[in-house]
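*Asks:* Take a look at the following structure, please.
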Amino acid sequence: MSHPVYRVLSFEIVAPYTFRIGFDDNTEQTVDFQPVLAGELYSLLRNLELFNQVRIDPEVETLVWPNGADFDPATLHEWPSNEQAFRELARRWEAVQK
């Protein structure tokens, strides 16, 4: 089974924890990451200073952070379809960390 491969070409910070992300198919998604910042890797990104150190990795062509966090470009491209699942994961991760 194959699925489309997307590449992140650009991003713009439009609000705290929120980016407008441009893809190689000339589409954009606006993603508010704050509700999904939980768990061992993503909870560190609640620090806005660290969160804003995001960059586009030229090799994997997606958003990456200095702590190793990233999101698959296809997940970001289809964020409206994926957001609820990530919110549920974040709730479970938070429950485990307590």
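The values are calculated or read from the model by the stated rules, or taken from the named source; none is laboratory data. Just so it is clear, the model here is predicted, and its values are computed rather than measured. All Cβ positions, glycine included, derive from the backbone under ideal geometry; neighbour counts span all protein chains shown. Ligands, DNA and RNA are excluded from the accessible area calculation, which covers all protein heavy atoms including side chains. Shrake-Rupley method; radii C 1.70, N 1.55, O 1.52, S 1.80 Å.
*Asks:* Filter segment 76-98 for residues that are in a helix (DSSP H, G or I), under 18 Å from Ser43 (Cβ atoms) and not acidic (Asp, Glu) and give the result.
*Replies:* Quick first cut of segment 76-98, residues in a helix (DSSP H, G or I) only: 76-77, 79-97.
Next cut, under 18 Å from Ser43 (Cβ atoms) only: 83, 85-97.
Within segment 76-98, Ala85, Phe86, Arg87, Leu89, Ala90, Arg91, Arg92, Trp93, Ala95, Val96, Gln97 qualify.
*Asks:* Moving on. Where residues in segment 69-89 are among the polar types (S, T, N, Q) and open to solvent by less than 80 Å² (accessible area, probe 1.4 Å), which of them is nearest to Asp25 (Cα to Cα)?
*Replies:* Filtering segment 69-89 for residues among the polar types (S, T, N, Q) gives 75, 81-82, 84.
With open to solvent by less than 80 Å² (accessible area, probe 1.4 Å) added as a condition, the list becomes 75, 82.
Values: Thr75: 14, Asn82: 19 Å.
Restricting to residues being among the polar types (S, T, N, Q) and open to solvent by less than 80 Å² (accessible area, probe 1.4 Å), the top hit is Thr75.
*Asks:* Charged (D, E, K, R) and touching a residue at least 12 places away in the same chain (Cβ under 8 Å), is that true of Glu28? Show your work before the answer.
*Replies:* Working: charged (D, E, K, R): yes; touching a residue at least 12 places away in the same chain (Cβ under 8 Å): no.
No.
*Asks:* Among the candidates Leu37, Leu50, which residue alone is in contact (Cβ under 8 Å) with a residue 40 or more places away in the chain and under 17 Å from Pro16 (Cβ atoms)? First the steps, then the outcome.
*Replies:* Details: Leu50 fails: in contact (Cβ under 8 Å) with a residue 40 or more places away in the chain.
From the options Leu37, Leu50, the qualifying one is Leu37.
*Asks:* Out of the residues in segment 1-10 that are assigned to a loop (DSSP other than H, G, I, E, B) and in contact (Cβ under 8 Å) with a residue 40 or more places away in the chain, state the one that is surrounded by the fewest Cβ atoms within 10 Å (Cβ to Cβ).
*Replies:* Start the filter on segment 1-10 by keeping residues that are assigned to a loop (DSSP other than H, G, I, E, B), which leaves 1-7.
Now restrict to residues that are in contact (Cβ under 8 Å) with a residue 40 or more places away in the chain: 3-7.
Working: His3: 7, Pro4: 9, Val5: 10, Tyr6: 20, Arg7: 15.
Filtering segment 1-10 for residues that are assigned to a loop (DSSP other than H, G, I, E, B) and in contact (Cβ under 8 Å) with a residue 40 or more places away in the chain, the one surrounded by the fewest Cβ atoms within 10 Å (Cβ to Cβ) comes out as His3.
*Asks:* When segment 11-68 is examined, which residues are found to be open to solvent by 70 Å² or more (accessible area, probe 1.4 Å), among the charged types (D, E, K, R) and either more than 20 Å from Glu88 (Cβ to Cβ) or assigned to a loop (DSSP other than H, G, I, E, B) (or both)?
*Replies:* Hits for segment 11-68 are Glu12, Arg20, Glu28, Glu49, Arg55, Glu59.
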